[in-house]
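Accompanying notes for the structure given below.
The values are calculated or read from the model by the stated rules, or taken from the named source; none is laboratory data. Predicted model, so just to flag it, every value in this text is computed and none were measured. FYI the Cβ positions are ideal-geometry reconstructions off the backbone, even for glycines, and counts take in every protein chain you see. Just the protein is used for accessible areas: all its heavy atoms, side chains included, with ligands, DNA and RNA removed. Shrake-Rupley method; radii C 1.70, N 1.55, O 1.52, S 1.80 Å.
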Amino acid sequence: MWRYAPLLPLTDGESPVSLGEGATPLIDAPSLASALGVRRLWVKDEGLNPTGSFKARGMSAAVTRARALGVPGLVVPTAGNAGAALSAYGAAAGIPVRVYAPETTPSGILATIRALGAELVTVPGHIGDAGRAARAFAADSGYFDVSTLREPYRIEGKKTMGLEVAEQLGWRLPDVIVYPTGGGTGLIGMWKAFLELQRIGWIAPGARLPRFVSAQAQGCAPIVRAFAQRARHAEPWENPSTHASGLRVPAPLGDRLILRVLYETNGEAAAATEDEIRADTAALSHATGIDAAPEGGCALAVCRALVAAGRIARDAEIVVFNTGTGSSYR
Ligand SMILES: *Cc1c(COP(=O)(O)O)cnc(C)c1O
């Protein structure tokens, strides 16, 4: 992803903390397109990143800046994949890492965090509970907290997903982007990418941005609920539960920005049931050969439902994000 360095926070002559993140394939999926009854559908496979999710992009950017600023250590609360990614980039940079994760985090992801030499603390509850513990530890220890949207650089790395989609489509944009939304930085980052591409003239200044679609699980859908009420912010979701663990974020800090992106792009938000997520995780994998994560299955399920309901047009060109690898969840 550092081929986009001029658009990223990197100073002249500095080398980034990199493990080969980004440059993931945009896979044309004609059989999924015809199954859903749409003109064209691609899957952006983020499962091929280091530690198996797009979280690598944000952590590569954040750890690069943290190393330059000389932090003594890094701490993050996580639903799983952000902790694995931070563990990897912390190891690459030689910076100690502490991770707070819910005890229900998929065991494969917890094993990856341990294998990469980070200190892992599991907590009862959800990512919000992990966040409180992580902030208390940061205040005590001087470790720097890299929680979603509490520092400015992870979103810069995630921005590169949008730069890649534009480049892979020949510097034009798809009609619709379906993104499984937890904390929302992926979605906000891509929106920022497209606005910056307009500003530097790499896509037409007047070009219509893609409609952004937030996909969530019915067991934790604060953004979908707020969107349905046309609200400007989201109320915390009580008792969040879904096996798509990256989506188990009951009170995203970036709620206002996520909703603004949805409203300004004439977007959509909808939630899938656990059974729909399972069925479309399998459908995505069987139709494409991608080892899909449940979050990717959730995005496909929501896309399917919105096409059927006429809320996504059948002549649309759609990019569905598979944000992680299924192997982390077994
Ligand atoms: C973190 C995560 C998400 C949610 O992404 P946000 O950008 O925080 O909305 C979705 N899928 C997977 C696999 C994740 O790890």
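Scan region 122-131 and give yes if some residue there is charged (D, E, K, R) and outside the structural domain of A215 (by TED's automatic domain parsing), otherwise no.
The answer is yes; a qualifying residue exists.
If T265 satisfies all but one of (1) touching a Gly at 6+ places or on another chain (Cβ under 8 Å); (2) hydroxyl-bearing (S, T, Y); (3) over 25 Å from T78 (Cβ atoms), what's the number of the condition it fails?
(1)
Out of region 106-137, which residues are of a type in the set (V, I, T) and part of a strand (DSSP E or B)?
V121, T122, V123
Name the one entry in A244, A272, A217, A228 that is out of contact with any Cys (no Cβ under 7 Å at 6 or more places or on another chain) and either in the same structural domain as G183 (by TED's automatic domain parsing) or within 13 Å of the ligand (Cβ to nearest atom) (or both).
Within the list A244, A272, A217, A228, the selection yields A228.
In this structure, is D145 over 19 Å from the mean Cα position of the chain (by Cα) and modelled with pLDDT of 95 or more?
no
List, please: which pairs have Cβ atoms under 8 Å, are six or more places apart or on different chains, and start with a residue in region 185-200 that is closer than 18 Å to L169 by Cβ and modelled with pLDDT of 95 or more and end with one that is charged (D, E, K, R) and away from the ligand (no atom under 12 Å from the Cβ)?
G189/E156
I need the full set of residues from region 134-173 which are of a type in the set (A, V, I, L, M) and either open to solvent by less than 30 Å² (accessible area, probe 1.4 Å) or without any contact (Cβ under 8 Å) to a residue 24 or more places away in the chain (or both), in order please.
A134, A136, A138, A139, V146, I155, M161, L163, V165, A166, L169, L173
With the condition kept exactly as written, say whether any residue in region 30-40 is polar (S, T, N, Q) and surrounded by 21 or more Cβ atoms within 10 Å (Cβ to Cβ).
Checked against the condition, which is being polar (S, T, N, Q) and surrounded by 21 or more Cβ atoms within 10 Å (Cβ to Cβ), region 30-40 yields no hits at all.
Tell me, which residue of region 205-222 that is open to solvent by 10 Å² or more (accessible area, probe 1.4 Å) and part of a loop (DSSP other than H, G, I, E, B) is farthest from E268 (Cα to Cα)?
If we take residues in region 205-222 being open to solvent by 10 Å² or more (accessible area, probe 1.4 Å) and part of a loop (DSSP other than H, G, I, E, B), then P205 is farthest from E268 (Cα to Cα).
Looking at region 277-328, which of its residues are open to solvent by 50 Å² or more (accessible area, probe 1.4 Å) and within 16 Å of the ligand (Cβ to nearest atom)?
R278, D291, S327
Can you pull out every residue in region 59-92 that is of a type outside the set (V, I, T), buried (at least 20 other Cβ atoms within 10 Å of the Cβ) and farther than 16 Å from G189 by Cβ?
Result: A66, L74, P77, A79, G80, G83, A84, L86, S87, A88, Y89, G90.
Could you name every one of the helices (runs of 4 or more DSSP H) located completely within region 223-330 that has at least 3 residues being within 17 Å of the chain's Cα centre (by Cα)?
255-264, 294-308
Looking only at residues in region 109-133 that are over 21 Å from P240 (Cβ atoms) and not hydrophobic (A, V, I, L, M, F, W, C), which one is least open to solvent (accessible area, probe 1.4 Å)?
This residue is T112.
Residues that are under 18 Å from V165 (Cα atoms): find the strands (runs of 3 or more DSSP E) completely inside region 1-98 holding 1 or more of those.
The strands (runs of 3 or more DSSP E) meeting that bar are 26-28, 40-45.
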